[in-house]
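A short reminder: the numbers here are calculations on the coordinates, not readings from a lab. This is a predicted model, so every value here is computed, not measured. Virtual Cβ from ideal backbone geometry, glycine too; neighbours counted across all protein chains shown.
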Amino acid sequence: MRQNQLGIFDISNAKTSSNGVPADGGIMNNANVAIKDNEISRLKEELAGTRSLLSSWEEKINQARTACEAWQKESAMAQKKVELALKEKGDAMSKTAQLAKEVEILSGGPHLHVVKRVADLKGMPLNMLKAIEIQLRKDLQEVEKVNLNINVLRDPINI
């Protein structure tokens, strides 16, 4: 009796007598059948275990796919929310700029409102004070022009 490459015993080459009974009296044949049955049982169990393991792996793969799809949907929804928020931010920034222009127009333009409180001047840096001074000089010039025009219109002879 020989073992093949798969580890299964080959009983096809067992020696038999002329009446079909094995030459060793049937003892080897019974042993071969028992070994073969044990090997078949072991292989069936191994196959069942492998199928069970494969089924478990397939279930885990399906769970991973489901989770991946859910994450992709969640990511797409988050991206849409981001795009919407950015659009709303842009709209709000535009509206803010528009309202700032309206406030400037309604308050008489950029002149004559450089300093809000005189008490704040002491804590300002020198470059800011110089900028305020320049702006105030321009404002003063504008006031003098308006004053001159008003005086000319009232009394053109005395000027």
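Listed values, structure above:
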item	result
Segments 29-39, 77-87 sorted - mean Cβ within 10 Å per residue, highest first	29-39, 77-87
Chain lengthening between Glu88 and Ala119 when straightened (0.36 nm per residue, less Cα-Cα)	7.3 nm
Computed lengthening from Asn149 to Glu74, 0.36 nm per intervening residue step minus Cα-Cα distance	20.2 nm
